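One structure is given below, encoded as structure tokens.
Read-outs: derived from the displayed coordinates by stated rules, not from any lab. Predicted model, so just to flag it, every value in this text is computed and none were measured. Note that each Cβ is placed from the backbone with ideal geometry, even for glycine, and that neighbours are counted across all protein chains shown.
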Amino acid sequence: MLHVFKPFLAWLLDQGLSRKTLRTHRDHIDALGGGIIRRINLDPQLRHRQIMSVLMENLDEDGGPLIYPRKTEFGQRSFDSTFRKLNRFLLDSKRKHRSR
């Protein structure tokens, strides 16, 4: 997952966001990583799949999965904002890679 998350976090740094916003996005990425690891531990079949496909199952244009443990609606919206950005970043990266 780090090979996906590190470039995304570097891209966020280049966006000129405030330190607080960057920390929030970093914390959300950390929560997603923990959630995916939890899913992989609960479903051993996921261990045999590419991490990118497992990650993309958790992301879409609406955001990410439900936060665990449950948070407020505002917290979930903030969480989803990070994952909409991640989803766009991954789709843009995929398009750039194909056009080479």
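Assorted remarks:
- Local electrostatic count at Gly33 - Lys and Arg +1, Asp and Glu -1, tallied over other residues with Cβ under 13 Å: +2
- Karplus (6.51, -1.76, 1.60) ³J(HN,Hα), θ = phi - 60°, over segment 19-24, in Hz, Gly and Pro reported as x: 4, 4, 5, 4, 5, 4
- For segment 73-89, putting each phi into the Karplus relation 6.51 cos²θ - 1.76 cosθ + 1.60 with θ = phi - 60° gives couplings of 5, 4, x, 5, 5, 5, 4, 4, 4, 4, 7, 5, 5, 4, 4, 4, 4 Hz, in residue order, rounded to whole numbers and with x for Gly and Pro.
- Gln76 versus Ser18: modelled label distance in nm, points set 7 Å from Cα along the beta carbon direction: 2.5
- Taking a sphere under 12 Å around the Cβ of Pro7 and counting the other residues whose Cβ falls inside, with K and R at +1 and D and E at -1, yields a net charge of 0.
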